[in-house]
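Below: one structure, written as structure tokens.
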Amino acid sequence: MTALFFESLWGACLLGVKLTAIVVPLVVAFELLRYLPFFRRVGEGIDPLMRGMGLSRNAAVPLFTGIFLGIAYGAGIIIRVAREKNLSRREVFLVGLFLATCHAVIEDTLIFVVIGGDLWIMLGVRLLVAVVLTALLARLWRPEPAAG
């Protein structure tokens with residue numbers, strides 16, 4: 001019984017080291033890339049896709065944050081950006097919907113690959129479902145006409 005406990009404890013410690021080796025560099029890389037033109041260039045490249053999902057360029061930062069680091073970290077950014085850039089309720093909802101379906105893509109995918117998952121299946125299915133679902137709901141929930 002004691003041997004099983006220590007074997008399980010050792011396995012948990014190894015998994016913790018693997019997770020730390022994945023998560024910490026991702027957070028550091030994201031924080032560094034945030035201040036470089038990297039995300040702006042990527043945002044320009046996927047602008048047509050974002051428009052197809054009913055999202056403006058102002059939604060790019062919370063979207064990238066949630067995709068890379070997860071929904072909890074992305075939620076704080078979504079709230080801040082929604083206030084600063086006056087994102088509509090519709091756009092905040094669409095960003096939230098996308099991230100509920102497809103958040104922490106790099107982190108989660110790498111974690112599941114470490115324990116034996118297939119990278120391309122997990123990544124492809126999550127991205128496809130998020131894009132299709134968000135675009136569909138963007139079509140159903142039309143923007144409100146500007147008052148005026």
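The values are calculated or read from the model by the stated rules, or taken from the named source; none is laboratory data. Source: prediction; values computed, not measured. Backbone-built Cβ (ideal geometry, glycine too); neighbour counts: all protein chains shown. Just the protein is used for accessible areas: all its heavy atoms, side chains included, with ligands, DNA and RNA removed. Shrake-Rupley method; radii C 1.70, N 1.55, O 1.52, S 1.80 Å.
When region 1-20 is examined, which residues are found to be within 19 Å of the chain's Cα centre (by Cα) and of a type in the set (A, V, I, L, M)?
Initial filter on region 1-20 (within 19 Å of the chain's Cα centre (by Cα)): 19-20.
LEU19, the sole residue that qualifies.
Enumerate the helices (runs of 4 or more DSSP H) found wholly within region 1-57, keeping only those where 2 or more residues are of a type outside the set (D, E, K, R) and open to solvent by 90 Å² or more (accessible area, probe 1.4 Å). Give the steps one after another, and end with the answer.
Values: elements: 2-34, 38-45, 47-52.
The qualifying helices (runs of 4 or more DSSP H) are 2-34.
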Picking from THR109, THR134, which residue would you name as being farther than 24 Å from VAL27 by Cβ, hydroxyl-bearing (Ser, Thr, Tyr) and assigned by TED's automatic domain parsing to the domain that holds VAL61? THR134
Take region 108-143 and flag every residue that is of a type outside the set (A, V, I, L, M, F, W, C) and more than 25 Å from ALA59 (Cα to Cα). GLY116, GLY117, ASP118
